[in-house]
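Asks: Have a look at this one before I ask anything.
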Amino acid sequence: MLRELSKVEQRYDAVLAVIREGMRVSEVAEKFGVHRDTVHSWLARYEAQGLEGLRDRSHRPNTSPLQMPAVIEARVLELRRNRPHWGPMSLRHQLAREGVSPLPSVSGIYRALLRHGLVEPKARRKKLPTYTRWERGRPMELWQMDVVGGVLLDDGTECKVLTGVDDHSRYCICAGIMLRATGRAVCGFFAQALERHGVPEEILTDNGKVFTNRFGLTPSEVLFDKICRENGIIHRLTAPASPTTTGKIERFHRTLRTEFLGGQIFSSQHVAQKELDAWVADYNTMRPHQSLGMATPAERFEARARRSEPELSPEFRGVSEDRSAQGWVSGPSRSMAPSRCPTRSSRSASNDPRGSWHRVSVRIG
């Protein structure tokens with residue numbers, strides 16, 4: 001029965017062929033299919049350490065100048081434990097904010113997290129070639145609003161949350177917890193958002209009954225549409241069965257479930273609202289977004305308010321916006337449809353680049 005020789009045995013045979021049989025190094029190298037320098041290395045290792053010197057050795061270098069310093073790696077791990085939902089890009093951005101030098105690469109941070117068991121390797125989702133991202137060119141042009149559940153109380157009640165984000169900046173303009181998602185409760189939080197941030201040009205929602213009665217048996221104007229009409233807001237509705245149109249608010253819901261809810265149970269609605277407000281403040285001011293070039297929603301939401309130059313006319317505004325990335329369009333999605341009920345009122349001229357127009361004239365209650 002033939003037995004395959006191990007690497008150590010083959011190296012030992014090569015060494016014996018030179019020492020005992022008197023073969024030339026070049027002949028031995030040709031016989032074993034290696035370079036002559038390799039044979040010289042085997043001879044030197046055998047002379048220094050005997051048979052033990054012919055075993056496989058680690059190829060790891062003695063020094064690695066590109067290896068992440070221990071102090072920086074410890075800081076990466078600390079940030080990850082404090083922010084368990086932050087990925088390598090967000091962690092690297094935070095290190096840059098703190099002035100860490102040398103700044104590790106994204107892949108280096110990922111490998112550090114992997115070594116310490118703080119991340120699990122998983123295949124990346126492929127982007128559909130037909131998928132197109134769209135975004136409004138400045139804050140307060142469009143808000144996306146929706147209702148989501150999942151806020152659990154001690155008594156078994158599941159509360160709902162009215163959520164709203166600014167389309168351009170992803171800034172959360174509304175996050176109100178309700179025992180039941182009634183039209184009056186939804187419009188109460190909606191009115192508070194208008195009073196706090198100003199009046200947007202348009203609002204995009206789905207076709208829920210708290211937002212519109214467009215598909216009712218007897219179409220009528222609901223309270224949400226009335227607020228939009230009286231404040232000159234165009235209320236746009238998504239096409240039926242098209243959740244990707246409100247993709248930004250749906251992505252916000254995913255973050256909300258993962259980073260805030262996470263299966264936790266609150267003692268009361270008041271406590272839940274207080275903790276949600278704190279989380280939203282952190283989300284708006286501290287959490288960098290890859291889709292925003294690692295800026296925070298607050299930085300992008302307030303950026304236009306700090307501009308001193310005059311506002312561009314609508315036909316030239318899109319030209320100045322950064323839309324260099326592939327797969328982006330600026331403007332309303334094709335699947336949006338204006339609601340039948342509200343009509344656009346004449347908006348008074350304003351120099352406020354965010355379009356704030358405080359005319360919240362509907363009384364709730």
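Asks: Would you call residue 287 free of Cβ contacts under 8 Å to residues at least 40 places away in the same chain and either over 14 Å from residue 144 (Cβ atoms) or out of contact with any Lys or Arg (no Cβ under 9 Å at 6 or more places or on another chain) (or both)?
Replies: No: the conditions fail for residue 287.
Asks: Ok, one more. Select, from 148, 119, the only residue that is modelled with pLDDT of 90 or more and surrounded by 13 or more Cβ atoms within 10 Å (Cβ to Cβ).
Replies: Just one listed residue meets the conditions, 148.
Asks: Of the numbered conditions (1) over 53 Å from the mean Cα position of the chain (by Cα); (2) surrounded by 10 or more Cβ atoms within 10 Å (Cβ to Cβ), residue 80 fails exactly one; give the number of that condition.
Replies: If we test residue 80 against (1) over 53 Å from the mean Cα position of the chain (by Cα); (2) surrounded by 10 or more Cβ atoms within 10 Å (Cβ to Cβ), just (1) comes out false.
The values are calculated or read from the model by the stated rules, or taken from the named source; none is laboratory data. The structure displayed is predicted, hence computed values, not measured ones. All Cβ positions, glycine included, derive from the backbone under ideal geometry; neighbour counts span all protein chains shown.
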